[in-house]
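The values are calculated or read from the model by the stated rules, or taken from the named source; none is laboratory data. All of these numbers come straight from a predicted model, not from anything done at the bench. Counting neighbours? That spans all protein chains shown, and the Cβs are built from the backbone with ideal geometry, glycine included.
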Amino acid sequence: MLKINFMNYLIINVIYLIIFKNIYCENISENNVKNCNKENNNIIAKNNNEIHNNKIVMCWKNLSHTITSEQECISENILSSLFMETLANNICINEYYFSYPHCSKQLFKGMYNSPPTESYNKKLFYYWMEKEGFNNTYIRLLNTKKNVAIFNFWHDSNYGAILTAYALQESLLKLGYNPYLIKNTNKRKVTNSMNPFKKFEQDNFFSSEDIYPSQLYKLNKYYDNFIVGSDQVWRWTIIKYKDYRTYFLNFVEKYKKKIACAASFGLDHWIGEKNVTREIKGYIKRFDAISVREKSGVNVLKNTFGVKSKQIFDPVFYLNRKEWEELFENKSNINLNKSCWIYMLFKTDKIADQINDILKGMNIKQFWIKKGNTTIYDFLKSIRTSEKIITDSFHGTCFSIIFHKDFLCLAKKGRFDERMLSLLTELGLIDRLIYDLNEVNWYKLLPIDYEKVDKIIEQKRKEGFDFLLENLEN
């Protein structure tokens, strides 16, 4: 971890505020800014007798190129005044991190709906500081060509949606980009830090607060790249209940990059109404590059929307097994040795009875996952440490494969099966796709050749990274 003393911390915050000053006062009225500045100028004036202006200028210049120059000009008075002078220079600081009695809460009300929130920028600032140092971070965060706004279902209470979003974020960081997961649910804000999904978000995501659809256009000022995906972001039965236009990037300006990364229709055909299809066709034709998760998606785009696309794997496969293990290391104590991990999104009494029959006589415990009662870290580690897997979850299947498990994937024809069918066919694991648990005899299934499977995944991982890099760089 980056080790910074208190004075370094103050310096970094001053520079950080300079970099992002246009963001904070985006939605504050001119009069409010003037009021805020007036109050702050009064405070600075009181300190003028203690500070030599030439020293402030000297420090300011030094701060612009390195934090190692602190020894040349640091005094608590100078930094304090410099900090406040910066504030007075048309910056009103988000109270979430800094609280000053002379700037009332009313002055900050307009800020809370600003597109890039202060928490995102600051978190990313410190992330790159640890990786690259101050100079490179300063240059990087001023370059909008490296900023990527991402739209998927990361804000839903769903293990797979959250983990595929995390994988895409980490993949973009590897490629040297600044990912930003956009939240646009218009739902009540969840502040409970004990919520397992919210906790993971706070620990790991560079993400926004909720941004209303009418405000999304403002992101064009801060981001040159926009990605939609992965997951079922183009499944009509899901997005028609959301602001579906957002997932086709209708608000993005003409000369900004619009990319679909492993987007999924969920089915092997499009079921939207004719008028909606015509509208969406216009949005899709504006995309610079399109990749879909299932092979059938390539045909849907060609036959229904008249565009070309490429099929790539889900981003969860872009991180290798070791990287996933590092994520839950020291964050989960669960161990399911001699257990069967069971996660059913569509559980019924009939299915539970069938699973009991399958596992009878195997001398193995059952461990059922219930959504919301298990942390993301326990979710992953419980798969990793289990002996067998039974699931109807697409991402449950993905992680069973990543962690080399003996698994069964239950599917129902016509309901989400296209996702499993495409994945397991490409990996040569179609015998693990089960439509009727009554027909299962686990002892008759051939052992999975994971050496062969890993070679296919490695190639698909390369294709995924190549797709992102080529289309972001071009």
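Please indicate, with yes or no, whether at least one residue in the stretch 377-388 is of a type in the set (A, V, I, L, M), over 24 Å from D417 (Cβ atoms) and modelled with pLDDT of 95 or more. I'd like the intermediate steps shown before the answer.
Initial filter on the stretch 377-388 (of a type in the set (A, V, I, L, M)): 380, 383.
With over 24 Å from D417 (Cβ atoms) added as a condition, the list becomes 380.
Those still in the list that are modelled with pLDDT of 95 or more too: 380.
Among the residues of the stretch 377-388, at least one is of a type in the set (A, V, I, L, M), over 24 Å from D417 (Cβ atoms) and modelled with pLDDT of 95 or more, which makes the answer yes.
Residue by residue, here is whether (1) outside the structural domain of S296 (by TED's automatic domain parsing); (2) assigned to a loop (DSSP other than H, G, I, E, B); (3) hydroxyl-bearing (S, T, Y) holds:
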| position | (1), (2), (3) |
| --- | --- |
| F379 | yes, no, no |
| S382 | yes, no, yes |
| C398 | yes, no, no |
| L408 | yes, no, no |
| M420 | yes, no, no |
| L424 | yes, no, no |
| L446 | yes, yes, no |
| V453 | yes, no, no |
| F467 | no, no, no |
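Looking at the stretch 164-185, is at least one residue at negative phi and modelled with pLDDT under 80? Let's see the steps before the verdict.
At the first step, the residues of the stretch 164-185 found to be at negative phi are 164-175, 177-185.
Still in the running and modelled with pLDDT under 80: 184-185.
Yes: the stretch 164-185 contains one or more residues that are at negative phi and modelled with pLDDT under 80.
Among the residues making up the stretch 276-293, those that are crowded, with 16+ Cβ neighbours inside 10 Å and touching a residue at least 60 places away in the same chain (Cβ under 8 Å) are A289, S291, R293.
Considering every residue within the stretch 199-216, establish whether at least one is farther than 30 Å from N275 by Cβ, of a type in the set (F, W, Y), modelled with pLDDT of 90 or more and part of a loop (DSSP other than H, G, I, E, B). The answer is yes; a qualifying residue exists. Scanning the stretch 355-371 for residues that are in contact (Cβ under 8 Å) with a residue 60 or more places away in the chain and touching a Ser or Thr at 6+ places or on another chain (Cβ under 6 Å) turns up nothing. Scanning for something under 15 Å from the mean Cα position of the chain (by Cα) and more than 20 Å from Y127 (Cα to Cα), does the stretch 165-182 turn up at least one residue? Taking every residue of the stretch 165-182 in turn, none turns out to be under 15 Å from the mean Cα position of the chain (by Cα) and more than 20 Å from Y127 (Cα to Cα).
Does at least one position in the stretch 249-270 carry a residue that is assigned to a helix (DSSP H, G or I), farther than 30 Å from K381 by Cα and of a type outside the set (G, A, S)? Can you show your working first?
Step one: filter the stretch 249-270 for residues assigned to a helix (DSSP H, G or I), giving none.
So far as the stretch 249-270 goes, no, none of its residues is assigned to a helix (DSSP H, G or I), farther than 30 Å from K381 by Cα and of a type outside the set (G, A, S).
Select, from D454, D431, D406, D449, the only residue that is free of Cβ contacts under 8 Å to residues at least 24 places away in the same chain and surrounded by 13 or more Cβ atoms within 10 Å (Cβ to Cβ). The match here is D454. Among residues of the stretch 431-453 being modelled with pLDDT of 95 or more and β-branched (V, I, T), the one that is farthest from I355 (Cα to Cα) is V453.
Limited to the stretch 276-301, what total is found for residues that are part of a loop (DSSP other than H, G, I, E, B) and in contact with a helix residue (DSSP H, G or I) (Cβ under 8 Å, 6 or more places away or on another chain)? Looking only at that region, the number is 4.
Which of the residues spanning the stretch 293-325 are under 17 Å from R461 (Cβ atoms) and over 18 Å from the mean Cα position of the chain (by Cα)? Give the derivation first.
From the stretch 293-325, those under 17 Å from R461 (Cβ atoms) are 293, 310-325; that's our starting set.
Correct list: K310, Q311, I312, R321, K322, E325.
In the stretch 353-378, the qualifying residues are those that are among the charged types (D, E, K, R) and more than 14 Å from W442 (Cβ to Cβ), and the one that is surrounded by the most Cβ atoms within 10 Å (Cβ to Cβ) is D378. Scanning the stretch 121-156 for residues that are touching a Lys or Arg at 6+ places or on another chain (Cβ under 7 Å) and under 23 Å from N184 (Cα atoms) turns up K146, H155. Checked against (1) modelled with pLDDT of 95 or more; (2) of a type in the set (S, T, Y); (3) crowded, with 19+ Cβ neighbours inside 10 Å, S422 passes all but a single condition, namely (1). With respect to (1) over 30 Å from Q311 (Cα atoms); (2) surrounded by 16 or more Cβ atoms within 10 Å (Cβ to Cβ), the lone exception for K381 is condition (1).
Selection of the stretch 306-332 for residues being in contact with a strand residue (DSSP E or B) (Cβ under 9 Å, 6 or more places away or on another chain) and either outside any strand (DSSP E or B) or among the basic types (K, R) (or both) yields V307, K308, S309, K310, I312, F313, D314, P315.
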